[in-house]
1. Taking only DSSP H segments of four or more residues, each worth -39500 (n - 2.57), what value at 222 nm results for the chain once the sum is divided by all its residues, to the nearest 500 deg cm²/dmol?
2. Under the Karplus relation 6.51 cos²θ - 1.76 cosθ + 1.60, θ = phi - 60°, what is the ordered set of whole-Hz ³J(HN,Hα) values for the stretch 150-167, x standing for Gly and Pro?
3. Pairs of alpha-carbon atoms within less than 8 angstrom and 6+ residues apart define the contacts here; what relative contact order does the stretch 134-253 have, in percent?
4. For the stretch 3-68, state the semi-axes of the equivalent ellipsoid (square roots of 5 times the eigenvalues of the alpha-carbon gyration tensor), sorted largest first and rounded to whole angstrom.
5. Under 15 Å from the Cβ of residue 176, count the other residues' Cβ atoms, weight Lys and Arg +1, Asp and Glu -1, and hand me the total.
6. Quick one: what do you get for the chain if you divide its Cα Rg by 2.2 N^0.38 Å?
7. State the Cα centre-to-centre distance between the stretch 67-86 and the stretch 293-333 in whole Å.
8. Along Cα→Cβ, 7 Å out, is where each label goes; now give me the distance between the ones at residue 257 and residue 80 in nm to one decimal.
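Any read-out appearing in this document is the output of simple, stated calculations on the displayed coordinates, not a laboratory observation. None of the values given here were measured: they were computed from a predicted structure. All Cβ positions, glycine included, derive from the backbone under ideal geometry; neighbour counts span all protein chains shown.
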Amino acid sequence: MKIEKNKNIKSLNTLGLNVTTLWYADPESREELKELLCNQEFRNIDKLIIGSGSNILFKNNYKGLIIHLAIKEISIVKRDNHFVYVRAGAGVEWDNFVSWCTNRGWGGVENLSAIPGCVGACPIQNIGAYGSEVKDTIVSVEYIMLSSGEEVTIDNASCKFGYRDSVFKNELKLKTAITFVTFKLSLFPQININYADLSKRMEGIKNPTVNDIRQAIIEIREQKLPDPAIVGNAGSFFKNPVVKKERALKLQKENPTLRLYPAKGGYKVPAGWLIEQCGFKGARYGNVGVHPNQALVLLAFDGATGEELLNLAEKIKRSVKDRFNIEIVPEVNVIASS
């Protein structure tokens with residue numbers, strides 16, 4: 001396990017913000033993590049767990065300990081006539097895990113292909129895309145309490161999953177280090193192509209496999225979303241707001257091109273559409289901007305700061321509120337270190 005001081009973490013956040021952390025460590029096992037947490041030097045300083053840094057916006061330099069978990073084990077826990085249960089380490093790249101599953105013909109996570117990040121982050125955000133959410137495959141989550149080193153395992157229900165939400169974003173926010181996640185995958189996948197773009201891609205393909213779905217989604221995402229290696233971004237910056245049925249249908253009647261998606265409490269209205277209607281799509285403001293193909297993605301060009309991105313996000317939020325009377329909320333986790 002490496003422990004470094006005053007480490008530059010520009011390469012460890014997909015926004016590419018040029019920030020440093022006072023301390024940095026990359027434990028490769030639960031034992032190394034617990035050893036780190038017991039170290040008296042780090043006992044009373046702030047701690048932040050990161051994976052690929054794909055959903056983090058650093059407002060300034062971090063004045064604590066960043067722990068980059070590198071637990072990369074994958075194992076089959078059990079298997080029956082219909083399902084296989086797979087336990088994956090927090091440090092496994094999420095898309096590598098999806099590929100590992102689809103290459104075996106196992107279904108459940110194929111619609112979540114090409115989402116950046118690590119396995120340990122997926123339950124925190126309850127990642128979702130193309131009509132699927134990771135909560136529908138998660139059996140249990142193992143974590144360690146940062147304050148005590150206690151090891152805990154909770155089941156799906158105890159994760160309190162919601163739309164881009166979980167117990168890890170609320171009661172347990174910044175208090176845990178997820179170490180392993182166990183998934184339940186189908187040996188006889190039920191293909192989900194209800195999402196419009198995906199359905200169109202599948203036209204002419206009889207009996208598509210999970211690998212067909214994966215490949216189509218990768219192609220769709222590559223066309224819509226920028227590569228963080230080329231321009232800094234955190235993927236979707238805002239959540240899609242859920243609007244009550246009457247309000248949503250009225251908005252759609254006034255704007256026939258608007259697509260709505262059923263959700264608990266009403267309909268999800270695409271935040272990207274709202275932002276585009278307010279004129280931000282493709283706009284640039286100094287070192288930050290909005291992607292020309294997908295207005296949901298904010299861009300951090302070379303030299304951008306967290307403050308610049310937050311100012312743009314606030315400007316967008318105010319504009320959407322003023323025009324549509326709809327609140328949009330960031331998905332990105334803003335880290336401000338004092």
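1. Values: 8 runs with 79 residues, N = 338.
When only DSSP H runs of four or more count, the value is -7000 deg cm²/dmol.
2. With coefficients 6.51, -1.76 and 1.60, one gets 5, 8, 9, 10, 10, 8, 4, 4, 6, 6, 6, 5, x, 5, 6, 8, 6, 4 Hz.
3. On the way: 96 pairs, mean separation 23.4, N = 120.
Contact order relative to length: 19 percent.
4. Details: eigenvalues 84, 34, 16 Å².
For the stretch 3-68, the semi-axes come out at 20, 13, 9 Å.
5. On the way: positive: 30, 34, 47, 160, 169, 173, 175; negative: 46, 142, 150, 151, 171.
Residues near residue 176 contribute +2 overall.
6. On the way: Rg = 20.3 Å, N = 338, 2.2 N^0.38 = 20.1 Å.
Scaled against compact globular proteins, the figure is 1.01.
7. Distance between centres, Cα-based: 36 Å.
8. Taking the two extended label points, one gets 4.9 nm.
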